[in-house]
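What follows is a short report on a single structure.
The values are calculated or read from the model by the stated rules, or taken from the named source; none is laboratory data. In this text the structure is predicted, and so the values were computed from the model without any measurement. Every residue, glycine as well, gets a Cβ built from its backbone with ideal geometry; the counts of neighbours run over all protein chains shown.
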Amino acid sequence: MPPDMRRALEHAEDAQLAPYAARAAHARRRHALDDDGRAFDYRTAFQRDRDRIVYSRAFRRLRLKAVAGSMPGYEDHRRNRLSHGLEVAQVARTVARALRLNEDLTEAVALGHDLGSPPFGPAGERALDDALSGRLDGRGGLGLGDLGGFRRGRQGLRVVDVLEKRYDHPGLNLTDDVREGILKCGWPEPSAEPGVEGVRAGLAPGFEVQAVALADRIATALGDLDDALETAVVTVEQVERLRPVAELRRKLGSRWRPRAGRFMKAAAIHRGLTHLLVTGAFLHGAKTLAAWARRHGVESSARFREVRDDAVRGDEIALSEAGARLLAELEWFLESRVHRGRDAERADGRARRVLLGLLAAYHSDPGLVEDHVLLRFKEVAGRPFLRDVPRLEVEAEIARYYRPDPRFARSLADHVAAMTDPYAIAEHARLMDSGAIPIPSVEQLRREETER
């Protein structure tokens, strides 16, 4: 390999990508890179980011985090956060390639977009947000007011900036483009982060990030539908009545196999809807981006960088109106028939009890938490390591410096959010057995359900 391979790859980007695509040559990091003894560099900045994400501990833990509900310790076929991320990356790369966007940036953001996901999917995110927003104060909450809440994108940025530890500096030292993509992939999630270096606060995400966000919606809906069919939560007959599937059957014509078995039909539906929606995404995106480039006079990468902040709205990579209606109908069906059934509600309630119970127990008695959490708080707050405090002084130390400090609460949230589903369930059971977490009464559970 030639020593200037990285530069050759960057020159290839200039030749192949659209003028409104991101360029790795312009990427910036917060810390200087260590060459680690390499004779030459054979990756672009975004390719390096992709690899750093894949080798992170947070990425590996995604295999035991559920997309929704909870993920048992062993699961044969059901999707998890890791397989979901791979599906998002596959769809997003396809869209990016068709639109001549930067595939490496797209892939890195797609693989990292769920690094901040807590256990139990959206139910876990809602529980932690309730605890850290102050909404539960006076009802078993931390009593510290609004600590900023909890959002998957913000937590993902904390993971790659602070919590991962593989180098002499905190975090993975990703490029600002990838960091911003991880934060804004859930757009229009609030994105004003004035204290975050390198993130364009309050501005719309770039086109590569938009491709990932749309791919996330498509992969989530189609994955949930496929899992629901495979586990017989819904029937093929119910799904066949949906307008997106009726449209698919119309396009397939005689190639649709009405007498095929459930699994074969489920595979055909997943395959066909993927093609339908992904094709719609890049066909509509190509028209929109061409019109956008003409309107703003973007004929070069330099011109794009001049106008990007003011000209990009955040909705350029999207489905057509007809495609958006098909996807929305599918999402509505999943919400009403899959995510709101009795079993789903029970799983969400369990997720809430587990995560809020863990957070409350650790906040009440920090001695229950693992050493690395206490050591991180020691670094942040400058207090002695709790295990080194004399026994007779521990309670006073906790009451004065731990429970009132929002930084300790955030450290606990970091710890709980990083857990896998099986670990969170096992830890909750262990603390319940020890009496650290009281077993809720039937009346309490009913009251919680009414309040929700």
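Structure above, values below:
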read-out	value
Residue match in segment 225-248 (condition: free of Cβ contacts under 8 Å to residues at least 12 places away in the same chain, of a type outside the set (Val, Ile, Thr), surrounded by fewer than 17 Cβ atoms within 10 Å (Cβ to Cβ) and not in a helix (DSSP H, G or I))	yes
Residue match in segment 245-266 (condition: at pLDDT 90 or above and on the phi < 0 side of the Ramachandran plot)	no
Cβ pairs under 9 Å, 6+ apart, first in segment 287-313 and farther than 16 Å from Leu101 by Cβ and assigned by TED's automatic domain parsing to the domain that holds Val209, second surrounded by fewer than 17 Cβ atoms within 10 Å (Cβ to Cβ) and among the small types (Gly, Ala, Ser)	Arg303/Gly297; Val307/Gly297
Within segment 412-436, considering residues that are of a type in the set (Asp, Glu) and under 16 Å from the mean Cα position of the chain (by Cα), the one surrounded by the most Cβ atoms within 10 Å (Cβ to Cβ)	Asp421
Answer from Arg52, Arg28, Arg48, Arg38 - the residue that is over 24 Å from Val162 (Cα atoms) and not aliphatic (A, V, I, L, M)	Arg38
Complete set of residues in segment 400-433 that are small (Gly, Ala, Ser) and under 18 Å from Asp129 (Cβ atoms)	Ala409, Ser411, Ala413, Ala417, Ala418, Ala424
Of the criteria (1) under 18 Å from the mean Cα position of the chain (by Cα); (2) over 30 Å from Val162 (Cα atoms), which one Ala219 fails	(2)
Subset of segment 298-316 (residues that are assigned to a helix (DSSP H, G or I) and of a type in the set (S, T, N, Q))	Ser301
Yes/no for Val373 being buried (at least 16 other Cβ atoms within 10 Å of the Cβ), of a type in the set (A, V, I, L, M, F, W, C), in contact (Cβ under 8 Å) with a residue 24 or more places away in the chain and assigned by TED's automatic domain parsing to the domain that holds Val236	no
Number of the condition not met by Thr220 [criteria: (1) modelled with pLDDT of 95 or more; (2) in a loop (DSSP other than H, G, I, E, B); (3) surrounded by fewer than 22 Cβ atoms within 10 Å (Cβ to Cβ)]	(2)
Identity of the residue in segment 417-449, β-branched (Val, Ile, Thr), farther than 18 Å from Pro118 by Cα and part of a loop (DSSP other than H, G, I, E, B), that ends up modelled with the highest pLDDT	Ile437
Count of segment 329-371 residues which are aliphatic (A, V, I, L, M) and either outside any helix (DSSP H, G or I) or more than 30 Å from Pro384 (Cβ to Cβ) (or both)	8
Out of Arg30, Arg38, Arg50, Arg63, sole residue that is of a type in the set (Lys, Arg) and within 20 Å of Leu99 (Cβ to Cβ)	Arg50
